[in-house]
Amino acid sequence: MKQLLLASLMGSAIALATSAMAEGTDLQALEKAARAEGAVNSVGMPDSWANWKDTWADLAKLYGLKHQDTDMSSAQEIAKFAAEKENATADIGDVGAAFGPIAVQQGVTQPYKPSTWEQIPDWAKDKDGHWMLAYTGSIAFIVNKQLVKDIPRSWADLKTGTYKVAAGDVSTAAQATNGVLAAAIALGGNESNIQPALDLYADLAKQRRLSLANPTIQTLEKGEVEVGVVWDFNGLSYRDQIDPERFEVLIPSDGSVISGYSTIINKWAKNPNAAKLTREYILSDAGQINLAKGHARPIRAEHIELPAEVQAKLLPQEQYAKVQPIKDAAAWEATSKALPRLWQEQVIINMN
């Protein structure tokens, strides 16, 4: 079995190298430089998120790269790059789509266009290669069926339930901020108007039904989350890792939002070539399939064929009927910056 796996990985490496040569990328030189560095240190790319563990295992097997990750939010990743500068302890990070441009504005990234660059949609990448989405996700509910008998199937359902709702930390986490946008869109708002979502969460807070627990695999496993607002790929991964019978994951029927996550390479990375090779692999066929195994939709989905068993890990397509992408990125960037203050003023104030 291990020999078959290694053969498969080597095949992926050969295909990746062939593709790179076709695009004019000197992958052999990049691989040599990355091997000399011998390690890649990431932030916000833990094993349990979008199946990163398989990619780290592949990079170790194929290129001898040792790896360690420090899990943190998108805002914290950018702040870390900016604070450490030449004393960098991280080489690469994974941030929510809205945070890629912010990282560029703050001057903490360096560009690298992988050999699959042309297959990444224009809307999903920085023109100079500072950031690019590797995968997309849609906001979903994860429900602990042992604690919640009346399972909510829409944002409107949340208003009349008796369970607590865990929204996450909207001041730092892309998952949480997109959860607010998804609620706003479903309830009649948009990127400029998140008031419907703020009203919903304020009502939950007044009813003492807003949980400050972050919906993570640890809090879900401990039973600290009754209903969590999460990316679909996170919810499905958590469900399968803990107990598929204990949780239900669903896309709210009255609307949701699809976004994604981008890799950013630290401007001051100690292992810049290893970071670039990591991005190269993430956006190769093998790397994209790894993400799909973690229930995330690969950004190059149109150009690869997912194995049937991987396709089966995803939610039924009909649940995505009312899911929509961010239509006004500039408006959402401005709103998301104001969200932490609005959340404190209109939601958290009602927790007492």
Cα centre as origin, Lys/Arg/Asp/Glu Cβ charges: the range 249-352 dipole, Debye: 460
Ranking 307, 234, 338 by how far each Cα lies towards the positive end of the charge dipole of the range 200-352 (+1 on Lys and Arg Cβ, -1 on Asp and Glu Cβ), the top one is 338
In debye, nearest 20, what is the charge dipole magnitude of the range 16-145 about its Cα centre with +1 on Lys and Arg Cβ and -1 on Asp and Glu Cβ, if you could check? 180
Using a probe of 1.4 angstrom, how much of the accessible area of the chain is carbon and sulfur, in percent? 50
Of the listed pairs 164/313; 127/276; 32/113; 164/206, those with alpha carbons more than 21 Å apart are 164/313
Helix 27-37 versus the longest principal axis of the chain: what is the Cα-based angle in degrees, 0 to 90, to the nearest 10? 80
How big is the range 217-352 by the Kirkwood estimate over distinct Cα pairs, in Å? 18.0
Using only the alpha carbons of the chain, determine the length spanned along each of the three principal axes and report them from longest to shortest in whole angstroms. 60, 44, 33
In the range 184-230, the GluC sites (Glu not before Pro) that sit in a DSSP loop and have at most 11 other Cβ atoms within 10 Å of their own Cβ are none
By how many degrees, between 0 and 90 and to the nearest 10, does the Cα long axis of helix 232-242 differ from the longest principal axis of the chain? 90
Within the chain: Cβ-based charge dipole about Cα centre, in debye rounded to nearest 20 (Lys, Arg +1; Asp, Glu -1): 420
DSSP beta bridges in the chain, what fraction antiparallel, as a percent rounded to 5? 65
Give me the one-decimal Kirkwood hydrodynamic radius in Å for the range 15-125, with the sum taken over alpha-carbon pairs. 15.5
Rounded to the nearest 10 degrees, what's the angle between the helix 329-346 long axis and the longest principal axis of the chain, both from Cα atoms, 0 to 90? 50
Note on the range 210-276: alpha-carbon gyration tensor, axes a ≥ b ≥ c; rule is a/c under 1.5 for rounded, else prolate if a/b larger than b/c, else oblate; result prolate
Checked the range 122-262 with the C-alpha gyration tensor, a ≥ b ≥ c its square-rooted eigenvalues, rounded below a/c of 1.5, otherwise prolate if a/b is larger than b/c and oblate if not; verdict oblate
Once phi is turned into ³J(HN,Hα) by the Karplus curve 6.51 cos²θ - 1.76 cosθ + 1.60 with θ = phi - 60°, what whole-Hz value does each residue of the range 245-251 show in order, with x for glycine and proline? 7, 8, 10, 10, 10, 8, 8
The range 26-62: trypsin sites (Lys or Arg not before Pro) in DSSP loop, at most 13 other beta carbons within 10 Å: none
Hey, can you rank 269-275, 298-304, 256-262 by average C-beta count inside 10 Å, highest first? 256-262, 269-275, 298-304
Rolling a 1.4 Å sphere over the protein heavy atoms, what is the accessible area per residue of the chain, to the nearest Å²? 43
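The values are calculated or read from the model by the stated rules, or taken from the named source; none is laboratory data. Given the structure is predicted, the values throughout are model-derived calculations rather than measurements. Don't worry about glycine lacking a Cβ; one is built from the backbone with ideal geometry, like all the others, and counts go over all protein chains shown. Just so you know, the surface numbers come from the protein's heavy atoms only, side chains and all, with ligands and any DNA or RNA stripped out. Shrake-Rupley method; radii C 1.70, N 1.55, O 1.52, S 1.80 Å.
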